[in-house]
Number of protein chains: 2
Amino acid sequence: MKISVLGTGAVGQTIGTKLVGLGHEVKMGSRDANHVKGLGWVKANGVRASLGTFLEAASFAELVFNCTAGRASLDVLGGLGPALAGKVLVDVSNPLDFSNGFPPSLFTPPGDSLGEQLQRALPACHVVKALNHISADVMVDPKLVASGDHDALICGNDAGAKARVSELMQSLGWQRFVDLGDIKAARGMEGYLLLWVSLMGPLGTAQFSLKIVK
Amino acid sequence: MKISVLGTGAVGQTIGTKLVGLGHEVKMGSRDANHVKGLGWVKANGVRASLGTFLEAASFAELVFNCTAGRASLDVLGGLGPALAGKVLVDVSNPLDFSNGFPPSLFTPPGDSLGEQLQRALPACHVVKALNHISADVMVDPKLVASGDHDALICGNDAGAKARVSELMQSLGWQRFVDLGDIKAARGMEGYLLLWVSLMGPLGTAQFSLKIVK
């Protein structure tokens with residue numbers, strides 16, 4: 001599949017590398033098509049890896065990962081409406097505000113979420129919130145934690161888009177999914193990050209996840 | 001032990017009943033010492049159960065549960081400083097704002113939590129945030145979910161107070177604890193409620209909990 005990864009940071013690089021390894025054609029999107037880290041990633045990942053502007057990357061792919069920093073996501077994605085129309089956007093970003101240090105708070109107002117803001121800004125795109133609740137290495141290799149016996153949370157307005165994202169996640173090793181419903185549930189998936197940042201210290205690692213039991 | 005439960009709602013009644021059953025002397029606190037639901041609870045629970053004003057209940061006990069509605073907690077507890085000095089307050093409340101319907105949002109501002117607000121209002125009291133992240137029936141009977149194989153989250157500034165609360169929770173059946181550190185971690189324990197309310201529908205029950213795996 002042709003997949004784009006918007007953002008050249010650790011999350012984008014980790015996801016992009018895994019997807020190239022699985023045989024997908026992956027274009028990384030950046031503000032600058034000659035971005036040094038992006039070019040380094042292309043060089044390391046061979047012929048199926050490429051770099052372009054955010055617009056080139058959005059135009060290239062059937063399925064797009066938003067791996068930009070939460071603070072920048074609306075600014076970057078808001079301008080890509082026509083290129084993303086009818087496509088699936090996997091939003092792994094979080095609205096974290098580090099302006100007062102650690103632990104971060106959320107910059108979204110009560111009763112809203114970054115996932116919903118992106119869906120409103122991109123009404124013709126199918127936004128699926130997924131993978132935002134785990135560290136990048138676990139996103140692409142869930143078996144790093146408890147042999148993969150933990151839950152992937154997912155939400156979005158379009159059932160077909162969620163099915164495509166779930167299928168791709170299964171190819172990464174994800175076994176258990178909890179479909180939280182429409183994109184409003186991004187409030188909970190992002191709100192959980194406030195707990196995530198509190199767990200990391202006591203657990204002594206960012207390689208952890210949730211198993212929801214009933 | 002002499003324990004008080006502030007609040008006559010379902011959570012207060014469930015906790016109070018369980019503690020009486022374990023042999024503790026339990027006073028339920030209410031705005032009105034002749035509160036009808038409170039008197040009904042006393043009648044159903046025998047000689048170790050009693051009812052009083054919030055102040056009488058706070059004065060009576062060594063350990064106090066805050067089971068008031070989140071919206072009312074600061075108003076009720078803020079006036080009990082001298083009665084609660086040196087005591088342990090187990091805060092099971094949540095800052096849920098239902099003014100825009102379901103799902104609720106949080107009424108606390110970014111970078112704060114109800115647990116911290118209570119600790120600031122009651123500087124001589126040892127506030128321990130616990131049990132706010134599960135339904136009342138599971139709070140007092142954790143084996144209802146996955147034979148008890150899931151995590152109790154706890155935080156607070158005083159290690160001795162957390163140890164006392166953990167010991168009491170063990171007597172309820174809790175086996176696994178994650179100590180998140182000082183009361184600041186209440187932000188995460190309360191923020192998780194945004195996910196909790198999204199999980200309840202898809203899971204088809206409020207009887208669920210988290211097992212944190214790494």
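Pairs with C-alpha atoms separated by more than 22 Å, drawn from the list A:LYS87/A:LYS184; A:LYS162/A:LYS214; A:LYS214/B:LYS143; A:LYS214/B:LYS87, are A:LYS162/A:LYS214; A:LYS214/B:LYS87. Placing R0 at 45 angstrom, the Cβ-Cβ distance between B:GLN175 and A:ARG120 gives a FRET efficiency of 0.55 after rounding to 0.05. What is the Cα centroid distance between the stretch B:42-114 and the stretch A:156-175, reported in whole angstrom? Cα centroid of the stretch B:42-114 versus Cα centroid of the stretch A:156-175: 42 Å apart. Here is how far apart the A:LEU22 label points are across copies: 4.6 nm, shortest first, using a point 7 Å from Cα toward Cβ. Ranking B:GLN13, B:GLY23, B:GLY79 by how far each Cα lies toward the positive end of the dipole of the stretch B:1-101 (charges on Cβ) leaves B:GLY23 at the top.
Approximating the spin labels as points 7 Å out from Cα along Cα→Cβ, the B:ASP75-to-B:ALA10 distance works out to 2.2 nm.
Solvent exposure of A:GLU25, expressed as accessible area, is near 80 Å², computed with a probe of 1.4 Å over the protein chains only. Considering all different alpha carbon pairs of the protein assembly as shown, the Kirkwood hydrodynamic radius works out to 22.8 Å. Put a plus charge on the Cβ of each Lys and Arg, a minus charge on the Cβ of each Asp and Glu, and nothing anywhere else: the dipole of the stretch B:149-214 about its Cα centre is then about 100 debye. The mean count of C-beta atoms from other chains within 10 Å of the C-beta of residues in B:201-211, rounded to a whole number, is 4. Between this copy and the others, label points of A:ALA206 are 3.6 nm apart in ascending order, each placed 7 angstrom from Cα in the Cβ direction. Three semi-axes describe the equivalent ellipsoid of chain B; taken as square roots of 5 times the Cα gyration tensor eigenvalues and ordered largest first, they are 24, 20, 18 Å. The antiparallel fraction among DSSP beta bridges confined to the protein assembly as shown stands at about 20%. Buried area at the B:A interface is about 2700 square angstrom, summed over both chains, from accessible surfaces computed with a 1.4 angstrom probe.
Length gained on full extension, A:LEU55 to A:THR205, computed as 0.36 nm times the residue gap minus the Cα-Cα distance: 50.4 nm. Sorted from shortest to longest, the distances between the A:GLY111 label points of this copy and the other copies are 2.4 nm, with each point 7 Å from Cα along the line through the beta carbon.
Between A:ALA44 and B:VAL36, the FRET efficiency estimated from the beta carbon spacing at R0 = 56 angstrom works out to 0.20. In the stretch A:49-178, the DSSP beta bridges split such that about 30 percent are antiparallel, to the nearest 5.
With a simple spin-label model that places each label point 7 Å from the Cα along the Cα-to-Cβ direction, the separation between A:LYS2 and B:LYS143 comes to 5.9 nm. Exposure check, 1.4 Å probe, all protein chains in place: B:PHE102 carries approximately 130 Å² of accessible surface. Ligands, DNA and RNA excluded, the heavy atoms of B:VAL145 present near 0 Å² of accessible surface to a 1.4 Å solvent probe. Computed over the protein assembly as shown, the per-residue total of -39500 (n - 2.57) for DSSP H runs of n ≥ 4 gives a 222 nm mean residue ellipticity of -11500 deg cm²/dmol, rounded to 500.
The values are calculated or read from the model by the stated rules, or taken from the named source; none is laboratory data. Remember, it's a predicted structure, so these values are computed and weren't measured experimentally. Because the Cβ atoms are built from the backbone with ideal geometry, glycine has one as well, and the counts that use them run over all protein chains shown. Just the protein is used for accessible areas: all its heavy atoms, side chains included, with ligands, DNA and RNA removed. Shrake-Rupley method; radii C 1.70, N 1.55, O 1.52, S 1.80 Å.
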